[in-house]
Amino acid sequence: MQDCTAQGGIVIEDKSRLSRINSRTVKDDASFAIASLKKDQVALIQNVDPTEADRLIAEIAKGFALLESLELQAGMASLAGHRDNVGDYFMTVDKRKDYKIVTPHSEGSHLLGMQMAAFYCLENTTDGGETILMNVDQNSEMWGILRDKVVKGVTKRSLSRSEKSQLRMRYRLNMPEDSLTSDDEILKATTIDSNITLYDVLASPKKLHSNILNQDLHTLWYTTESIDYDSLEQFKNLLLESGLLKQSAGISEFKMFDSDPGLRIGHFGSRYDQLFKCKISYKLQPNDLVIQNNLTWTHGVANWTPSSGHRRIIAAFA
Ligand SMILES: [Fe+2]
């Protein structure tokens with residue numbers, strides 16, 4: 001893995017972590033992306049024909065044994081209700097209200113375990129909307145401080161195979177792996193029946209094995225980042241210092257920039273200078289395809305002046 005270090009309270013910009021080419025053939029582009037991700041680089045392929053984006057992302061996923069996961073994520077996209085499928089594997093991204101920012105997170109959760117993220121740009125004519133990709137520091141002390149909001153369970157007897165698969169499908173719970181431990185801080189208890197109780201808890205972040213880098217890695221999952229007011233404040237300040245934050249007279253307090261204000265529950269102490277090694281700021285252009293390791297790189301987005309243009313990005317995850 002290449003290295004670059006945050007300095008003096010800010011996250012340094014390191015464009016050398018972005019490997020870029022002009023699209024050639026699907027085979028060449030896929031080889032380029034796979035080689036880039038193996039070095040923990042972000043891959044940017046420009047001028048990708050929209051009719052080839054599906055074939056290309058499938059080839060890249062195959063290179064890391066993630067094709068099944070790519071199909072599964074596309075299949076689940078419209079089930080959640082806020083995303084539409086585009087082609088075979090891509091999906092629309094969440095619509096954003098005026099002046100909202102997307103704080104840096106890795107897509108999904110430890111349980112869903114998405115390993116790869118890709119973003120394809122259809123249109124980006126706004127006066128902002130820069131994508132900010134940030135590389136997490138595996139050795140950060142933050143992993144001992146931050147908390148992941150997850151579901152844990154307690155059972156009074158051992159469960160049958162069908163009971164376990166029901167819990168997994170209905171509540172995203174793996175038993176007995178996801179049993180409540182003494183370290184978990186309980187937020188809410190839900191009794192399912194006389195044998196099973198589920199708990200929403202704050203748990204210590206756990207590592208996940210990466211197919212791409214073949215090692216166990218810490219990840220700033222959405223379930224960790226989206227609960228922390230400190231992360232929102234840090235990202236707002238980062239954008240402000242970078243000259244990328246758009247403001248209006250009615251929007252100034254940091255909580256007003258939050259895309260998902262219902263999720264944040266406390267101040268968990270996120271410090272970006274400790275959590276991230278470096279960042280890449282890049283405004284996606286039409287027909288750009290960005291591919292990254294979802295375990296090591298977070299994605300976030302700056303805001304824009306509402307009437308300035310349109311930003312249409314589609315995403316694929318595996
Ligand atoms: Fe996301």
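For segment 148-203, what are the per-bin percents of Cα-Cα distances with bins 10 Å wide, up to the bin holding the maximum?
With 10 Å bins starting at 0, P(r) equals 26, 60, 14.
Sequence gap at least 6, Cα distance under 8 Å: using those rules, report the relative contact order of segment 213-273 to the nearest whole percent.
Details: 44 pairs, mean separation 31.7, N = 61.
It rounds to 52 percent for segment 213-273.
Find the relative contact order for segment 123-222 and round it to a whole percent, using C-alpha pairs within less than 8 Å whose residues are 6+ positions apart.
Working: 118 pairs, mean separation 31.7, N = 100.
32 percent.
Mind scanning LYS246/LYS279; LYS149/LYS188; LYS97/LYS246; LYS149/LYS207 and naming the pairs with a C-alpha gap bigger than 18 Å?
Where the Cα-Cα span goes over 18 Å, the pairs concerned are LYS246/LYS279.
Once the principal axes of the Cα atoms of segment 8-97 are found, what is the range along each, listed largest first in whole angstroms?
Principal-axis extents of the Cα atoms in segment 8-97, largest first: 41, 38, 25 Å.
What per residue convex hull volume, in Å³, do the alpha-carbon atoms of segment 1-157 yield?
In segment 1-157, the Cα hull volume divided by residue count equals 192 Å³.
Can you list residues whose amide H is under 5 Å from GLY128's amide H, if they're 5+ apart or on another chain and H is modeled 1.01 Å from N?
Residues meeting the amide H criterion: THR305.
Using alpha-carbon positions, what is the distance between the centroids of segment 270-318 and segment 182-222, in Å?
Segment 270-318 and segment 182-222 have Cα centres spaced 26 Å from each other.
Give a quick list of chymotrypsin sites (Phe, Trp or Tyr not before Pro) in segment 70-144 that DSSP marks as loop, anything other than H, G, I, E or B, with at most 11 other Cβ atoms within 10 Å. All intermediate terms of the calculation are to be shown ahead of the outcome.
On the way: sites: TYR89, PHE90, TYR99, PHE119, TYR120, TRP143; in loops: TYR89, TYR99.
Of the chymotrypsin sites (Phe, Trp or Tyr not before Pro), not one in the loops of segment 70-144 has a Cβ with at most 11 other Cβ atoms within 10 Å.
Take segment 223-318, drop everything but the C-alpha atoms, weight them equally and run the Debye formula without solvent; then report log10 I(q)/I(0) at 0.11, 0.20, 0.23 Å⁻¹ to two decimals.
-0.38, -1.30, -1.53
Could you compute the net charge surrounding ILE12? Neighbours are other residues with a C-beta less than 10 Å from the C-beta of ILE12; K and R count +1, D and E count -1. Walk me through the numbers on the way to the answer.
Values: positive: LYS277, LYS279; negative: GLU13, ASP14, ASP273.
Result for the neighbourhood of ILE12: -1.
Can you tell which of ILE57, ASN135, ALA74 lies farthest toward the positive end of the dipole of the chain, using +1 and -1 charges on the Cβ of basic and acidic side chains (Lys, Arg; Asp, Glu)?
Checking the options against the dipole of the chain, the answer is ALA74.
Fewest first, what order do HIS110, HIS299 take by the number of other Cβ atoms within 10 Å? Before the final figure, lay out each step's value.
Details: HIS110 18, HIS299 22.
Listing HIS110, HIS299 from fewest to most nearby Cβ atoms yields HIS110, HIS299.
If you place +1 on the Cβ of every Lys and Arg, -1 on the Cβ of every Asp and Glu, and leave all else neutral, what size is the dipole of segment 66-122 about its Cα centre, to the nearest 20 Debye? Each step should come with its number before you reach the end.
Details: 5 positive and 7 negative charges, 71 e Å.
Magnitude of the dipole: close to 340 debye.
How large is the dipole of segment 94-168 about the Cα centre if only Lys and Arg carry +1 and Asp and Glu carry -1, each at its Cβ, rounded to the nearest 20 debye?
Details: 12 positive and 10 negative charges, 186 e Å.
For segment 94-168, the charge dipole is close to 900 debye.
Of the chymotrypsin sites (Phe, Trp or Tyr not before Pro) in segment 173-255, which ones lie in a loop per DSSP and count no more than 14 other C-beta atoms within 10 Å?
Passing sites in segment 173-255 do not exist.
So, with +1 on the Cβ of K and R and -1 on the Cβ of D and E, and no other charges, what is the size of the charge dipole of the chain about its Cα centre, to the nearest 20 debye? If you can, show how the numbers build up before the last one.
On the way: 37 positive and 42 negative charges, 86 e Å.
Once rounded to the nearest 20, the dipole reads 420 debye.
Hey, what D do you get for the chain in µm²/s if you plug the Kirkwood alpha-carbon radius into Stokes-Einstein at 37 °C and 0.692 mPa s?
160
Relative contact order of the chain: what whole-number percent is it, with Cα pairs under 8 angstrom and at least 6 residues apart? Walk me through the intermediate numbers first.
Working: 664 pairs, mean separation 119.3, N = 318.
Rounded, it is 38 percent for the chain.
Can you put LYS95, LYS164, LYS246 in order of Cβ neighbours within 10 angstrom, beginning with the fewest?
LYS95, LYS164, LYS246
Each reported figure results from applying straightforward, stated rules to the coordinates on display, with no laboratory input. Since the model is a prediction, treat every value here as computed from it, not as a measurement. Note that each Cβ is placed from the backbone with ideal geometry, even for glycine, and that neighbours are counted across all protein chains shown.
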